[in-house]
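Inspection log for the structure reproduced underneath, given as structure tokens.
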């Protein structure tokens, strides 16, 4: 069995149940791949019964190994906090409950309606990896169920992909752990941000999932109609707000080593609904829907083998679905990531697509193939470059290139601009893509010297090449 380090104590009561539990908020001892409990979550959990709560309704002991106490392990896992509850009516068998449903009911933890407890003693220790596998299996079942709405299937997939990518990145950089922050959107929906900072390999890495819904004002719908085929909005009267649903996964990784490239990924699904739809009651009728996304590589120093490896993976997955996808989406990516005021691209590209509609199942499998092959397309590059020697000169150039990254994201990126203009948006998640450090120099001489590595990169950024 694994050992656990206690990092906090909580009381957990079950409304109308026959037990209340003294809980230890713990993390598995010595496991580098398991996330630390989020302090944001800890702040929401009372460590002692609050005002108005009936402490005498909870039997407990300060000594966990004494009769009269029930020991319950809580830990912050992927993607939410799990609580292991013990109910003596079930012959002391541990039952696993995802406490995300209970997160909004902390005020009921010490409900006076809780029954008096029969003193019991149970020691629980579970391998958290077993719980992760169970959670992943549930997500796989959901995303493969063709009878379910596409919004449910895509939501399940991006949650699964998030956990897989975090695990893959952690395997390369086990020096620190990702911080998992679950957040709620006041106007509808939620998300989970997974952030690593100041690791040995990665300066900053973020893998975010958002699953949100709400209402689009007429101005936003009109802009969307102008971008899309206007016939798709022929049913709209031009005056009503329209319900929407959106889910997506967004990733950015900034390595320390200037020889290792930054990478970006985003896959999303969007629905515009009939005005009569009720998202709360589950009566959703998508009138317009589409998939979008892409992934791209941004090196500070060009290694052609890395570019070929990355693009070859993308072409292979695109060709499985449509031979025109890769050339079309590669060209779209080169156009999208242009920084007009610099007349150069942000990086060496990849693929980019938006507003894809047609056969939803085929497009869903296309997105899944791309997402599933992200780690094989990127991790071998990191493993080749992460420990290469570099100088202050190389680091200075990397910081200048990251300045260009910031310029594009804040001035031109559609997703960033949309997020910053959306009321109630979570700014920390939107700006997750920005590097920890960047640099601007007045009239920098770097990149101007003929036959230099910096000049070679700039030539490719001004005139994109074919890599696959």
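Among the listed residues 425, 453, which satisfies the condition of being in the same structural domain as residue 316 (by TED's automatic domain parsing), surrounded by 13 or more Cβ atoms within 10 Å (Cβ to Cβ) and farther than 23 Å from residue 307 by Cα?
None of the others qualify; the one that does is 425.
Looking only at the range 426-464, count how many residues are assigned to a loop (DSSP other than H, G, I, E, B) and out of contact with any strand residue (DSSP E or B) (no Cβ under 9 Å at 6 or more places or on another chain). Give the derivation first.
Just the residues of the range 426-464 that are assigned to a loop (DSSP other than H, G, I, E, B), to begin with: 426, 434-452, 463-464.
Next, only the ones that are out of contact with any strand residue (DSSP E or B) (no Cβ under 9 Å at 6 or more places or on another chain) stay: 438-452, 463.
Adding up the residues that qualify gives 16.
Does residue 342 satisfy the condition of being part of a helix (DSSP H, G or I) and assigned by TED's automatic domain parsing to the domain that holds residue 156?
no
If you check 248, 214, which single one turns out to be closer than 21 Å to residue 150 by Cα, at pLDDT 75 or above and touching a helix residue (DSSP H, G or I) at 6+ places or on another chain (Cβ under 7 Å)?
248 is the lone residue from the list that is closer than 21 Å to residue 150 by Cα, at pLDDT 75 or above and touching a helix residue (DSSP H, G or I) at 6+ places or on another chain (Cβ under 7 Å).
Confirm whether residue 228 is surrounded by fewer than 17 Cβ atoms within 10 Å (Cβ to Cβ) and touching a strand residue (DSSP E or B) at 6+ places or on another chain (Cβ under 7 Å). Don't jump to the end; show me each part of the working.
Numbers: surrounded by fewer than 17 Cβ atoms within 10 Å (Cβ to Cβ): yes; touching a strand residue (DSSP E or B) at 6+ places or on another chain (Cβ under 7 Å): yes.
In short, yes.
Going by the conditions given, is residue 401 over 20 Å from the mean Cα position of the chain (by Cα), surrounded by fewer than 16 Cβ atoms within 10 Å (Cβ to Cβ) and assigned to a helix (DSSP H, G or I)? Explain how you work it out, then say what you get.
Numbers: over 20 Å from the mean Cα position of the chain (by Cα): yes; surrounded by fewer than 16 Cβ atoms within 10 Å (Cβ to Cβ): no; assigned to a helix (DSSP H, G or I): yes.
No; evaluated as a whole, the condition is false for this residue.
Is it the case that some residue within the range 333-341 is farther than 28 Å from residue 164 by Cα and at pLDDT below 95?
Checked against the condition, which is being farther than 28 Å from residue 164 by Cα and at pLDDT below 95, the range 333-341 yields no hits at all.
For residues in the range 345-361 being in contact (Cβ under 8 Å) with a residue 60 or more places away in the chain and outside any strand (DSSP E or B), which is nearest to residue 303 (Cα to Cα)?
So, considering only residues that are in contact (Cβ under 8 Å) with a residue 60 or more places away in the chain and outside any strand (DSSP E or B), the one nearest to residue 303 (Cα to Cα) is 348.
Any idea which of (1) surrounded by fewer than 17 Cβ atoms within 10 Å (Cβ to Cβ); (2) under 30 Å from residue 174 (Cβ atoms) is the one residue 374 doesn't satisfy?
(1)
The values are calculated or read from the model by the stated rules, or taken from the named source; none is laboratory data. All figures in this text were calculated on a predicted structure; none of them were measured in a lab. Cβ: placed from backbone, ideal geometry, glycine included. Neighbour counts: every protein chain shown.
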